[in-house]
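Everything below concerns the one structure shown next.
The values are calculated or read from the model by the stated rules, or taken from the named source; none is laboratory data. This is a predicted model, so every value here is computed, not measured. Cβ sites come from the backbone with ideal geometry, for glycine too, and all protein chains shown count toward neighbours. Side chains included, ligands, DNA and RNA excluded: accessible areas come from the protein's heavy atoms. Shrake-Rupley method; radii C 1.70, N 1.55, O 1.52, S 1.80 Å.
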Amino acid sequence: SDIYGFSFAILGLMIAAGGGVGGGGILVPVFILVLGFSPKHAIPLSNITIFGGAIANTILNARKRHPLADRPLVDWNLILVMEPLTMAGALIGAFLNKVLPELLLTVLLVLLLSVTANDSLRKATKMYKAETRALRRLGQAGTKESELTRMVALERENGAEAGEKLLDHVDARDAEDEEENKAETEEQETKRNKELEQILEEERTMPVANVSILIALFVVVLAINLLKGGGAFPSPIGIKCGSNAFWLANFIMLGWILVTMFYVRRILVKKREDKERCGFEYVEGDIQWDSRATIVYPCICCFAGFFAGMFGIGTCRVSTSHLNNVSLCYR
């Protein structure tokens, strides 16, 4: 059973890495059905296994470059704004995992996996059909790199009138840009270009500040959890489960996470304003972190982290089931 269990776990992580999901949806059933663990043991084992897979994926992907821009493939701003509340949700979910009966956990896990599996299959089918149509149009048009080719492809689909409208739109857009450029003084233009170049230069490499914030967040949460103790690991400072010190440590931990989230939110909102002022050009898949996005999307990830901590299925699987209209990953 160990050989089969490890083999299925390795295969599950390989599939999960290729599909961009955590792999818990495969690992938890394997640990329960093949290795014979109870749900309360299979779920934390799944979490630690996913953690190992996440380290391997990070090491491999951190060195890759973005296909559409001169910067790393990994969107570190996305990680920075999503991770704090994801961690908070996971901590709350882990609490419920400890107190809920195993039968209830099993039933809820089956229901959740059924919903996410159906949702993933439906979206995969939709994406396959969309990409098939795009490839078919691309083969007819030949190439999509020039504006002229885009007009030709549009004419083949909707007639010459659509191509003429696109040409008029391009001309109007160029005329508007030209008027705006004339309105700017030479000094303002120089200053804006310098700020834009500074932003581009910062994005060409992995942001050390972002990584430092994430490390500080993780270290503090880990340290508090170790000081609390739990299970067969007693607290080194004598904290008892359910005591005032126990709950104080938990509130301190959640408070630290919230402080980090609002600090990060302020940084990203300001960074977006600087990009807008300098005329930064976003590429496909970029997320503009305005005041609304830095609240809504982390809250969704808190919801995903809650199920991850409760069922050990990984946050990616739940997050991609709810962030339908946001491109969170690059190819």
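What does the charge count near W247 come to, summing +1 for each Lys or Arg and -1 for each Asp or Glu among other residues with Cβ under 12 Å from its Cβ? Can you show the working numbers first?
On the way: positive: K228, K240; negative: none.
Once positives and negatives cancel, what remains is +2.
Quick one: of K40/K228; K40/K126; K98/K126; K123/K270; K194/K271; K40/K240, which pairs are farther than 27 Å apart, Cα to Cα? Could you put the intermediate results ahead of the total?
On the way: K40/K228 20 Å; K40/K126 36 Å; K98/K126 38 Å; K123/K270 34 Å; K194/K271 15 Å; K40/K240 21 Å.
Pairs exceeding the cut-off: K40/K126; K98/K126; K123/K270.
5 Å is the cut-off here: which amide hydrogens, built 1.01 Å from N in the peptide plane, fall below it relative to R71, excluding neighbours closer than 5 in sequence?
Amide H neighbours of R71: H66.
What list of ³J(HN,Hα) couplings, whole Hz, do you get for the stretch 248-261 from phi and the Karplus terms 6.51, -1.76, 1.60, once you set θ to phi - 60° and write x for glycine and proline?
Karplus values, whole Hz, x for Gly and Pro: 4, 4, 5, 5, 5, 5, 5, x, 4, 5, 5, 4, 4, 4.
Work out how much length L121 to L96 would gain on full extension: take 0.36 nm times their residue separation and subtract the Cα-Cα distance, in nm to one decimal.
Values: separation 25, 0.36 × 25 = 9.00 nm, distance 2.88 nm.
Net length gain for the segment: 6.1 nm.
Residues in the stretch 210-250, backbone N under 13 Å from the label point at D274 (7 Å along the Cα-to-beta-carbon vector): list them, ranges by number please.
Under 13 Å, as judged by backbone N against the label point of D274, lie 210 of the stretch 210-250.
Could you work out the local net charge near I295, counting Lys and Arg as +1, Asp and Glu as -1, over the other residues with Cβ closer than 14 Å to its Cβ? Intermediate values should be presented prior to the final figure.
Numbers: positive: R265, R266, R272, R292; negative: D290.
Here the count lands on +3.
Give me, ordered by chain and number, the residues 5 or more places off G230 or on other chains with an amide H under 5 Å from its own placed amide H.
Placed amide hydrogens put S235 under 5 Å from G230.
How much net charge surrounds I257 when only the other residues with a Cβ under 14 Å from the Cβ of I257 are counted, with Lys and Arg +1 and Asp and Glu -1?
On the way: positive: R265; negative: E83.
Summing Lys/Arg as +1 and Asp/Glu as -1 gives 0.
Magnitude of the Cβ-charge dipole of the stretch 1-113, K/R +1 and D/E -1, about the Cα centre, nearest 20 debye? Walk me through the intermediate numbers first.
On the way: 6 positive and 5 negative charges, 38 e Å.
That gives the stretch 1-113 a dipole magnitude of about 180 debye.
What figure in square angstrom, to the nearest 10, would you give for the accessible area of R133 with a 1.4 Å probe?
Ignoring ligands and nucleic acids, R133 comes out at about 120 Å².
Summarise the accessible area of the stretch 1-136 (1.4 Å probe, protein heavy atoms) by the percent that is carbon and sulfur.
Exposed carbon and sulfur together represent 73 percent of the surface.
For the peptides 71-82, 254-265, 198-209, what is the packing order when you average, over each peptide's residues, the other Cβ atoms within 10 Å and list the highest mean first?
Numbers: 71-82: 19.7, 254-265: 16.6, 198-209: 12.6.
Ranked from most to least packed, the peptides come out as 71-82, 254-265, 198-209.
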